[in-house]
Amino acid sequence: MEYKTLNDGNVMPMEGFGVYRVTDKAECEKAVYQAIQAGYRLLDTAAIYGNEDALGNAVRKAISDGLVTRDQLFITSKIFPTDMMSYESATTAIDASLSKSGLDYFDLYLLHQPFGDYFSAWRALEDAKKDGKLRSIGVSNFYPNLLANFCETVDTKPAVNQIETHPWYVRSQDLGEARRYGVAVEAWGPLGGTRYHADDSDVLQSISKKYNKTPSQIVLRWNIERGVIIIPKSVHKERILQNIDIWDFSLTKDEVEMINTLDTNGIATCTRRNDPEMVRMIFQMGKKNNQ
Ligand SMILES: NC(=O)c1ccc[n+]([C@@H]2O[C@H](COP(=O)([O-])OP(=O)(O)OC[C@H]3O[C@@H](n4cnc5c(N)ncnc54)[C@H](OP(=O)(O)O)[C@@H]3O)[C@@H](O)[C@H]2O)c1
């Protein structure tokens, strides 16, 4: 495992475990526990996933079973735009995330989307960081222009921008802008999510044979070679183990470039955040969740 030092001095594992769409609590607890057993130390949830509590239960069980200590873990959650309407609503949401997870602090807390009054919400995150409730704070799904505007405006630069990026959505400009502002990039959907399948690619198949790895492992390693943090999700033990078994090889520059040619510029991505329908859908999702 490698680690990245963030712009606030905190240290974050380069690979972690995500739990988006793992809505069944027992399944989430089991998967997170298995992930900790397998060696994952970075865990990624969000208020909108509805599983901050299950993740917290798995963490407590892993600690009480002696697998890990709290300070060896790096736990992330995120605030949803419907809670980013004001400084006060954001403060309430941070406390709710902490209370649901049963944790004293999050290692990283992100503005989930660049919607709502995200500047007021950011001030709430900055204050929660000062109070020790959040160790690092960051953003997610900020396009390069939004990230530049944000970094030019706020006092505390985000430590991380979590964005969708995989070989089918390479996003070199996003990486360049993040580098310019000292923001670490973290990939969601690092395997291509549910839309893209590494096994279908001849390029990935041929590279995978050379290293005796699976095409999915090549995809995960590709982001690591670019300095991008990854948080693959799986509810299957063999895949949880497979996805973290990527630290004994590295890709050549030529192989990284060959994989870059798979880029579709996100044609089939769900990141249509410049689409007004998507914005309205996100607010509806948040309101339903808060009912
Ligand atoms: N900030 C955001 O807006 C945002 C959005 C989406 C996700 N995220 C975060 O990023 C994490 C990862 O993204 P994601 O869950 O969308 O996508 P992902 O990790 O790229 O892909 C997950 C999918 O790949 C399958 N899979 C896992 N390992 C595999 C393997 N070795 N071979 C083949 N298939 C495999 C999983 O199925 P099984 O589970 O059945 O194995 C699941 O269908 C999320 O869990 C969440 O924490 C953040």
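Between ASP200 and ASP254, the C-beta separation translates, for a Förster distance of 22 Å, into a calculated FRET efficiency of about 0.50.
Per the helix-only calculation at 222 nm, which mean residue ellipticity applies to the chain, given -39500 (n - 2.57) for every DSSP H run of n ≥ 4 and division by its residues, nearest 500 deg cm²/dmol?
-13500 deg cm²/dmol
Taking amide hydrogens as placed 1.01 Å from N in the peptide plane, the amide H of TYR3 sits under 5 Å from those of MET14, each at least 5 positions away in sequence or on another chain.
Quick one: grab the alpha carbon gyration tensor of segment 101-213, order the square roots of its eigenvalues as a ≥ b ≥ c, and give me rounded if a/c is under 1.5, else prolate or oblate depending on whether a/b is larger than b/c. Prolate is the answer for segment 101-213, as a/c is 1.5 or above and a/b outweighs b/c. Rg over Rh for the chain works out to 0.94, using Cα positions for both radii and the Kirkwood form for Rh. If only the Cβ of Lys and Arg carry +1 and only the Cβ of Asp and Glu carry -1, the dipole of segment 3-290 around its Cα centre is close to 240 debye.
What lysines could a cross-link reach from LYS209, if we take a straight Cα to Cα line under 27 Å and drop same-chain neighbours fewer than 8 places away? Filter leaves LYS233, LYS237, LYS253. Which of rounded, prolate, oblate describes segment 216-291, given a ≥ b ≥ c as roots of the alpha-carbon gyration tensor eigenvalues and a/c under 1.5 marking rounded, otherwise prolate only if a/b is larger than b/c? The shape class here is oblate.
With 18 Å as the limit, write out which pairs from LYS100/LYS157; LYS4/LYS130; LYS61/LYS100; LYS100/LYS130; LYS100/LYS133; LYS78/LYS133 have Cα-Cα distances beyond it, or answer none.
On the way: LYS100/LYS157 27 Å; LYS4/LYS130 22 Å; LYS61/LYS100 16 Å; LYS100/LYS130 21 Å; LYS100/LYS133 14 Å; LYS78/LYS133 13 Å.
In this structure, LYS100/LYS157; LYS4/LYS130; LYS100/LYS130 lie more than 18 Å apart at Cα.
Since every read-out is calculated from the coordinates, none of them should be taken as a lab result. Keep in mind that this is a model prediction, so the values were computed, not measured. Ideal geometry is used to build each Cβ from the backbone, glycine not excepted, and the neighbour counts take in all protein chains shown.
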